[in-house]
1. Identify the residues of region 168-205 with backbone N under 15 Å of a label point that sits 7 angstrom from the Cα of residue 440 along the Cα-to-Cβ direction, or state none.
2. Where Rh is the Kirkwood radius over the Cα pairs of region 224-367, the temperature 37 °C and the viscosity 0.692 mPa s, what D in µm²/s does Stokes-Einstein return?
3. Quick one: what do you get for the chain if you divide its Cα Rg by 2.2 N^0.38 Å?
4. For residue 189 and residue 147, what does the FRET efficiency come to when R0 = 51 Å and r is the distance between their Cβ atoms, rounded to the nearest 0.05?
5. Relative contact order (percent) for the chain, with alpha-carbon contacts under 8 angstrom and 6 or more residues of separation?
6. For residue 372 and residue 430, FRET efficiency with R0 = 25 Å and r from the beta-carbon atoms, rounded to 0.05?
7. May I ask what percent, to the nearest 5, of DSSP beta bridges between residues of the chain are antiparallel?
8. Using Cα-Cα distances under 8 Å and only pairs 6 or more residues apart, what relative contact order does region 195-467 have, in percent?
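Coordinate-derived values only; no laboratory data. Nothing here was measured: the structure is a model prediction, and the numbers come from that model. Note: ideal-geometry Cβ built from the backbone for every residue, glycine included; neighbour counts use all protein chains shown.
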């Protein structure tokens, strides 16, 4: 069973999911099962769901196959959905969002989205149905934008349904066979500079750890949204002797037959340097090189990442020039086959040459798509709302690279300073960015997960950093 955090509570009566509109609040839905049959339906409600009394969770499990036609019935300022078993979950506003999954049932497992349109929808010509069915995941940020006297909602797949009147967007989202729903953040505690990798059917996430005794926690997940602490890259006894502190920005990469942990740490000469450690299993134990993998007596070096192209591994990293009033180029250089030493020639991919980047480009992560190479990176100060995620498009792993006019993910009122992302394929086959951002209280940086789409040959993260419920990866 999947649970997602509640961010919106309603002040209305709060009918339970199985009650009629006039039914008593707090009644358990009929058919709710603590011990489900072999075939059952997990119903995950979106963040605007009105919780019944005594129901802190965000899901219910019912016996058998439960369906929903996607219609969101308007009821004053709120709305509700009528499920096939009679349950009526209520939602604040005029948008319903429900994920249905059917473990143990003879039901197709392909992820689909039904987008249904409310009474104010302005239908397109020759579109008699009040809904559309789409293969895969489609979602909405919740922003209803003025379009003359009417309104428009822009969906993640680029659709822009129009609605009659101001602020009148009314939608329903049924995500079926997608693995449930989730909501950012995906960890209840901080995790700065998340490095995420896929190892078979599990995902591993490492985080900056500063000067703690055990360095670089490793979290484990099967779905990118629910994480459990598994171990650490280093214990206090296995840290390399050259690394005296500032254990930053780790990433785990499979290079050849071994796993390599690349990381940044403060060298005994006071310079930030890049280290490496190796293991036969992604969870370790890791053995660190006795000396830094990359060190410069005149410049700090941080934020190492690895990318393999045509069988050759490459190391990508940043010069910490902003610490000494200099530019911050991001370099790439081939690695030996075992990933533990540099070979070949160093190339510079990008530096901070756009106004939004301020004094910093950092946190590189490269992916290949459609015959091009895309370098995700972060720019400006990590400590405030100027921090953002950018991308450069490169003709090869060693460049040259070009940038669009600005960043692709910026701050919101809820999530401040988004940056330092990894990119990974989710369980359903879609591409996701995992990155950090400060919460509104600005007391920790939390890991966030948002889907990557492609628009005219460039990656986009629609509505990121997201705050509303979305279909699970």
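1. Output list for this probe position: 184-185.
2. Answer, rounded: 208 µm²/s.
3. 1.05
4. 0.80
5. 11
6. Given R0 = 25 Å and the Cβ-Cβ separation, E is 0.85.
7. 95
8. Answer for region 195-467 is 11 percent.
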